[in-house]
Amino acid sequence: MVRRQEGCELVAGCDLRPPEELEIADDFAFFSDIQAMLTAHPEVDVVCICTPNGCHAEQALLALEHNHHVVVEKPMALSRQDGEAVLFKALAVGKQVFCVMQNRYSPPSIWLKEMVDSGILGRIHMVQVNCFWNRDDRYYGKIPWKGTLDLDGGTLFTQFSHFIDILYWLFGDIHSIQSRFADFAHADNTDFEDSGLVTFDFVKGGMGTLQFSTAVALSNFESSLTIVAEKGTIKVGGQYMNEVDYCHVEGYTMPELPPSNPANDYGHYKGSAANHGYVFENVLDTLRGEGSISTNGLEGLKVVDIIERIYAASDRGLKTRG
């Protein structure tokens, strides 16, 4: 993605695995230690953190301490406390933290943002988010750190934080949270629940529900968002919230939206939309003074905060691996 963005140069990379195992070209500096990389390349403008969730905050802090801007994959951290530390350090050193929430770039998401912000829908009464995916041994057996409490954190952090971000982006913060969790299909390959039911109220008014599961058999089913509002009803669905299923709004004609990018294809399963290129375009525009961050550090922190409060609202029944 860095190389595809005109005006950007890939200077160095770092991984615990050697380049030959990663099957990458050796035409940039390669390190097995992040401290060594940061020390050797003080000229770097931006450090991109694409490591397991539990490493994000620590490595973001290290990059900021070396005076670099940071692009951090979701989630920004696995606790609000760690996310606050990253944000505090960024403010102290005058650097930007770009949080990767690429679903904001999908045409249905952009359209939903316009519908909500314009006031066309009137007061928001109810919002329902459904995230029903498949993640089984084909997934957890291939990527050992996923499913662990310290590096993965849970399905809301790894699978569904994108949709909590969309919820926050559209409707703002939530409170009065009630949660129930269950583990239907992952007793042997994760340290945490695979499913949950969450209800809440929006600070700005209206109520909402979130239903999520990675226990769907065979393949992903849907990711959807339904809005019941004063002046109409909307549902955006599909497997990745990439299709407008229903739009009936007073005095409004639904426009034809641009096609959504396909989902990231990982073989036996698929993830969210392949919109990462827009993230790096936004990084370049922002640092040139030609735009503003699409998802800033405070927004990344709020997603972590909301997930933490959802989990704290009920017993997760966390397991310890033998």
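Residue by residue, here is whether (1) of a type in the set (Gly, Ala, Ser); (2) loosely packed, with under 13 Cβ neighbours inside 10 Å; (3) over 28 Å from Asp152 (Cβ atoms); (4) modelled with pLDDT of 95 or more holds:
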site: Ile24; (1), (2), (3), (4): no, no, no, no
site: Asp27; (1), (2), (3), (4): no, yes, yes, no
site: Asp33; (1), (2), (3), (4): no, yes, no, yes
site: Met37; (1), (2), (3), (4): no, no, no, yes
site: Glu43; (1), (2), (3), (4): no, yes, yes, yes
site: Gly54; (1), (2), (3), (4): yes, no, no, yes
site: Glu58; (1), (2), (3), (4): no, no, no, yes
Answer yes or no: is there a residue in region 187-198 that is within 14 Å of Thr155 (Cα to Cα), charged (D, E, K, R) and within 20 Å of the chain's Cα centre (by Cα). yes
Could you check how many residues of region 185-237 are surrounded by 18 or more Cβ atoms within 10 Å (Cβ to Cβ), among the aliphatic types (A, V, I, L, M) and either free of Cβ contacts under 8 Å to residues at least 24 places away in the same chain or over 19 Å from Trp169 (Cα atoms) (or both)? 3
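To keep it simple, each residue is scored yes or no on (1) among the acidic types (Asp, Glu); (2) in contact (Cβ under 8 Å) with a residue 40 or more places away in the chain.
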| position | (1), (2) |
| --- | --- |
| Leu78 | no, yes |
| Phe98 | no, yes |
| Met101 | no, yes |
| Arg104 | no, yes |
| Asp137 | yes, yes |
| Lys142 | no, no |
| Leu149 | no, yes |
| Gly153 | no, yes |
| Phe160 | no, yes |
Working only within region 95-135, note down all residues that are aromatic (Phe, Trp, Tyr) and either in a helix (DSSP H, G or I) or surrounded by fewer than 20 Cβ atoms within 10 Å (Cβ to Cβ) (or both). Tyr105, Trp111, Phe132
If I filter region 50-68 for residues that are more than 30 Å from Tyr252 (Cα to Cα), under 19 Å from the mean Cα position of the chain (by Cα), in a strand (DSSP E or B) and not polar (S, T, N, Q), do I get at least one hit? no
Restricting the first residue to region 120-132 and requiring it to be touching a residue at least 40 places away in the same chain (Cβ under 8 Å) and within 9 Å of Gly205 (Cα to Cα), which pairs with a second residue that is among the hydrophobic types (A, V, I, L, M, F, W, C) and not in a strand (DSSP E or B) meet a Cβ separation below 6 Å and a spacing of at least six or different chains? none
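The values are calculated or read from the model by the stated rules, or taken from the named source; none is laboratory data. This is a predicted model, so every value here is computed, not measured. Here the Cβ is made from the backbone with ideal geometry for all residues, glycine too, and neighbour counts use every protein chain on show.
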